[in-house]
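Below is one structure; the comments refer to it alone.
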Amino acid sequence: MLILLVLILPLASAVRVDLFLNQSYSKYDKNITLIDISKNKALVCINNEKAILSEEKPKTVNDVNFEVKQVFSDKIKVEIKVYCQENCECTDLCSNSECLENFNNKEIEEEIQKENVVLETLVDAPVEVIQNQSPSSFNLIVAFVILLIIISAVYYLLKRR
């Protein structure tokens, strides 16, 4: 039974890497390339799927979890966890050629601006405060005391017979 459970669970491998500009890191069926760095954010490509990473929050893209530890001008220190369920070998899909061919230097700035616009709209959005309607501790104590009085009364009436 335990062996079956181990076989069903997906493989995950975590490693901390110094990834330099235009350098690739391959693990299982994933090829990860650092394309650009700008304003403490990094543009990476994972099997031709682009993503922007930052130190602010971990991100999962294409079954790869990234936790950026530090961003420098020419590299990033990142913890990479690659999830693999089956057929974990690099094939012709394990390439970043499309990302590298179609990359322009303005791309990361455009993506950062889009992120900033989304964040600004979230900050400017009206906030609705919802009060918790759960019973207060005072109400619970009063209910408990009333319940004790009722139980005592029922016990007294039954014992009296």
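Throughout, read-outs are computed from the coordinates displayed, never taken from laboratory work. Since we're looking at a predicted model, the values are computed, not measured.
Dividing the alpha-carbon radius of gyration of the stretch 51-99 by the rule-of-thumb value 2.2 N^0.38 Å gives 1.32. I need the Kirkwood Rh of the stretch 21-67: take the reciprocal of the average 1/r across all distinct C-alpha pairs and report it in angstrom. About 10.8 Å, per the Kirkwood formula over Cα pairs.
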